[in-house]
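Visitor: Before we start, here is the structure in question, set down as structure tokens.
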Amino acid sequence: MILKRNLIFIVALLCANAIANNETISSKCDAIYYENGFAAGFPIIKKKEYWEWYKKSHPEYIWSTELGFYKDKKFTSVGLGISISIGTMNLKSTPKQNGNLEKLINFSTKNAFLTQDSKLYSNKILRDQILYRSQVFARNIDDDMIMIGTADAGLLKLFKEYNPTHMRLKASLPESKESYTCYPQIEVAP
């Protein structure tokens, strides 16, 4: 009986810790709209001197943000987002890479994307402009955060049309303890 109570206590403690960690992560996520663009800030959960990629495993690294609305613990996407990612379909013949966070960010693919349920997805011309011509940037902020954003006029126009209130930030890293999703409210920069 004592073992059972201790086990229940430990499970409850672990669950409470997981919730607290999630709240801690969420409080560090940023979503910003400024006059010429928008950006999202992803906190780094585990600081590392060296990062490795193309390690012969999936997933590699993806930081993505979708625009939308968050209410009653439910996110509704407008179908538009931006991301940075590292990955390859041919891990067997791709040599492992490593470096600091700045090198990982510089090495990453930066792009805008549409979800398949996006109203824009059926407009081939607009879809191709978003997918192939949009400009997305990424920055390392003191090894504490990765900021991704855009000042792309086309994406900014869509942002203004949809007028989202929140962003869904998803960090998918090889170590599951470093992956998370958060829903920061979009702040307007002065």
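The values are calculated or read from the model by the stated rules, or taken from the named source; none is laboratory data. It should be emphasised that the depicted structure is a prediction, and the values quoted were computed from it without experimental measurement. Quick reminder, even Gly has a Cβ in these numbers, built from the backbone with ideal geometry, and neighbours come from all protein chains shown. The accessibility values were calculated without ligands, DNA or RNA, using every heavy atom of the protein model including side chains. Shrake-Rupley method; radii C 1.70, N 1.55, O 1.52, S 1.80 Å.
Visitor: Which pairs have Cβ atoms under 6 Å, sit 6 or more apart or on different chains, and link a residue in region 152-175 that is over 30 Å from Lys55 (Cβ atoms) to one that is open to solvent by 80 Å² or more (accessible area, probe 1.4 Å) and part of a loop (DSSP other than H, G, I, E, B)?
Guide: Asp152/Gln135
Visitor: Now, a different point. Regarding region 100-116, can at least one residue be identified that is part of a helix (DSSP H, G or I), at pLDDT below 90 and aromatic (Phe, Trp, Tyr)?
Guide: Yes, region 100-116 contains a residue that is part of a helix (DSSP H, G or I), at pLDDT below 90 and aromatic (Phe, Trp, Tyr).
Visitor: Let me ask something else. Restricting attention to region 133-147, which residues are surrounded by 14 or more Cβ atoms within 10 Å (Cβ to Cβ) and out of contact with any Asp or Glu (no Cβ under 9 Å at 6 or more places or on another chain)?
Guide: Listed by number, the residues that qualify are Phe137, Ala138, Ile141, Ile146.
Visitor: Go through region 105-125 residue by residue and tally those that are free of Cβ contacts under 8 Å to residues at least 12 places away in the same chain and buried (at least 16 other Cβ atoms within 10 Å of the Cβ).
Guide: Within region 105-125, residues that are free of Cβ contacts under 8 Å to residues at least 12 places away in the same chain and buried (at least 16 other Cβ atoms within 10 Å of the Cβ) number 0.
Visitor: Search region 29-59 for residues being crowded, with 17+ Cβ neighbours inside 10 Å and at pLDDT below 90, and hand back the single one that is farthest from Asn106 (Cα to Cα).
Guide: In this case the residue turns out to be Tyr54.
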